[in-house]
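Quick one: structure below, then a few questions.
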Amino acid sequence: MVNVRDINMETTILGYKCSFPVMIAPTALAKLAHPDGEKCYCKGAGNQGIIQVVPTLGSLTVEEITAVRKPGQIHFMQLYVNTDRKKTEKLIRRAEKCGCKALFVTVDAPQMGRREKDMRMKYVPQATNQEDDGQVGNRGGGTANYLSSFIDPSLAWSDIPSLKANTSMDIVIKGIQCAEDAVLAFKHGAKGIVVSNHGGRQLDYSRSAIETLPEVMEALKKAGAENKMEVYIDGGIRRGTDIFKAVALGAKGVLVGRPVIYGAAGYGTAGVTKVLQLLKDEFRTAMMLCGTTRVNEIDSSMVSVKSLHHHYVASPNPDMMNYGYEPFSKL
């Protein structure tokens with residue numbers, strides 16, 4: 001028996017306090033969910049004391065998003081590297097000026113995956129953080145491909161030193177999908193990595209983040225990088241128990257995207273706040289029932305991974321195709 005009367009879920013991400021080990025992921029085009037766009041995410045994060053990662057492909061600018069934050073609230077910036085590196089440097093300067101503390105460099109999207117449902121829609125909104133100089137792309141490729149045509153597919157490990165030299169923000173590599181790349185990120189001076197398969201929308205049959213996490217942590221331990229570089233996972237977090245599992249397997253925190261979108265779509269800022277509160281309550285319950293009172297007490301002995309690589313999954317109904325793109329009613 002363990003005394004679990006007082007549970008403390010607080011942790012730090014890159015040294016910045018979080019009320020529990022969750023960040024809001026840099027999901028694009030939040031105005032598709034709610035007219036207030038990413039402001040809903042910012043306010044919800046502020047209400048719950050966590051960090052928001054601002055997207056390059058946001059519906060609002062980084063200036064508009066950070067303008068509504070609470071005093072002391074922390075933001076990070078997600079970056080797609082532009083083929084015109086001067087534009088990348090300009091966006092980095094803007095993020096720094098807005099007080100962003102870390103730069104999450106996305107490396108798993110030299111080209112967007114073939115998103116056929118998206119291609120059928122041909123909806124092309126404006127992504128305000130990205131300059132397009134008035135150029136019109138190919139709408140037939142869908143929203144993601146239209147908005148991401150600027151991304152530099154030549155981005156390589158050799159570019160990381162120049163990115164580090166161009167900013168005072170900590171560099172985090174987002175989109176790590178194997179142990180070898182995790183070690184390379186450490187060797188190139190990254191302060192953190194995000195293990196992610198980009199929501200399963202890039203490479204078909206790619207492994208989920210939680211499945212890749214154990215081998216990443218083992219490789220970092222062998223490379224002497226344990227506790228020297230933070231590891232986060234993005235994708236598939238739907239319950240507080242999912243957060244607990246990720247932390248138990250070595251993650252410092254998780255990023256949450258779709259649940260936040262759904263909360264914003266239904267209720268705006270209040271919906272985002274509520275979604276985060278649900279996750280927080282569930283995480284607290286998981287900690288109590290596993291006999292932990294502090295996040296640093298959670299370890300791998302509390303979860304079983306023997307079936308982690310066994311994919312016995314029923315064929316799902318195509319709900320996203322059938323329902324996910326129905327027009328939103330006026331909120």
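The values are calculated or read from the model by the stated rules, or taken from the named source; none is laboratory data. Remember, it's a predicted structure, so these values are computed and weren't measured experimentally. Don't worry about glycine lacking a Cβ; one is built from the backbone with ideal geometry, like all the others, and counts go over all protein chains shown. Side chains included, ligands, DNA and RNA excluded: accessible areas come from the protein's heavy atoms. Shrake-Rupley method; radii C 1.70, N 1.55, O 1.52, S 1.80 Å.
Tell me, what HN-Hα J-couplings in whole Hz come from the Karplus equation 6.51 cos²θ - 1.76 cosθ + 1.60 at θ = phi - 60° for each residue of the range 44-60, using x for Gly and Pro?
Going residue by residue, I get x, 4, x, 4, 9, x, 10, 9, 9, 9, 7, x, 4, 9, x, 6, 10 Hz, with x marking Gly and Pro.
Compute a Gaussian network model of the chain, connecting alpha carbons closer than 10 Å, and tell me which residue from 305, 275, 256 fluctuates the most.
Top of the fluctuation ranking is 305.
If you plug each phi of the range 202-208 into the Karplus form 6.51 cos²θ - 1.76 cosθ + 1.60 with θ = phi - 60°, what whole-Hz ³J(HN,Hα) values come out, in order, with x for Gly and Pro?
So the J values, rounded to whole Hz, are 9, 9, 4, 6, 5, 6, 6.
Does the range 39-95 come out rounded, prolate or oblate by the C-alpha gyration tensor, with a ≥ b ≥ c the root eigenvalues, rounded set by a/c under 1.5 and, if not, prolate when a/b is larger than b/c and oblate if not? Numbers along the way, then the final one.
Details: a/c = 2.52, a/b = 2.38, b/c = 1.06.
Since a/c reaches 1.5 and a/b is larger than b/c, the shape of the range 39-95 is classed as prolate.
Shifting gears a bit: Taking the simple approach of a point 7 Å from Cα along Cα-to-Cβ for both residue 114 and residue 221, what is their distance in nm?
That separation, rounded to one decimal, is 4.0 nm.
Follow-up question, since we're still on this one. Mind checking the range 172-245 for GluC sites (Glu not before Pro) that DSSP puts in a loop (not H, G, I, E or B) and that have at most 11 other Cβ atoms within 10 Å?
Details: sites: 180, 211, 215, 218, 226, 230; in loops: 226.
Here no GluC sites (Glu not before Pro) fit, given the DSSP loop and packing criteria.
Still on this model: Quick query: amide H of residue 174 versus all other amide H atoms, modeled in the peptide plane; which residues come in under 5 Å with a sequence gap of 5 or more or a different chain?
So residue 174 has HN proximity to 105, 106, 107, 194.
Using Cα pairs closer than 8 Å and at least 6 residues apart in sequence, work out the relative contact order for the range 1-126, in percent.
Reported relative contact order: 19 percent.
Right, next: Any chance you could run the full-extension gain for residue 17 through residue 158? It's 0.36 nm times the residue separation minus the Cα-Cα distance, nm to one decimal.
47.6 nm
So what's the back-of-envelope 222 nm ellipticity for the chain, counting only DSSP H runs of four-plus at -39500 (n - 2.57) apiece and dividing by all residues, rounded to 500?
Taken over the chain, the calculation gives -9500 deg cm²/dmol.
Still on this structure: Mind listing the long-range amide H neighbours of residue 115? Cut-off is under 5 Å, sequence gap 5 or more, other chains count too, H placed in the peptide plane at 1.01 Å from N.
none
Which whole-Hz ³J(HN,Hα) couplings does the range 241-253 yield from phi under the Karplus relation 6.51 cos²θ - 1.76 cosθ + 1.60, θ = phi - 60°, glycine and proline marked x?
Each residue of the range 241-253 in turn: 5, 5, 4, 4, 4, 5, 5, 4, 8, x, 6, 7, x Hz.
Express the carbon and sulfur contribution to the solvent-accessible surface of the range 157-207 as a percent, rounded to the nearest whole number, probe 1.4 angstrom.
51
Per residue, how much accessible area does the chain have with a 1.4 Å probe, in Å²?
50
Going by Cα centres, the range 174-226 and the range 5-42 are how many Å apart?
Computed from Cα coordinates, the inter-centre distance equals 21 Å.
What lysines sit close enough to residue 228 to cross-link, taking a C-alpha to C-alpha distance under 29 Å and skipping anything fewer than 8 places away on the same chain?
List returned: 17, 97, 101, 164, 174, 187, 191, 245, 252, 280, 306.
Skipping prolines and chain starts, which residues have an amide H placed within reach, meaning under 5 Å, of the one on residue 51, given they are 5 or more residues away or on another chain?
Distant-sequence amide H within range of residue 51: 24.
In addition: Within the range 187-291, which trypsin sites (Lys or Arg not before Pro) sit in a loop by DSSP and count at most 13 neighbouring Cβ atoms inside 10 Å? Could the numbers behind the result be given before it?
Numbers: sites: 187, 191, 201, 207, 221, 222, 228, 238, 239, 245, 252, 274, 280, 284; in loops: 191, 201, 207, 228, 238, 239, 252.
Those that pass, being in a loop and sparsely packed, are 228, 238.
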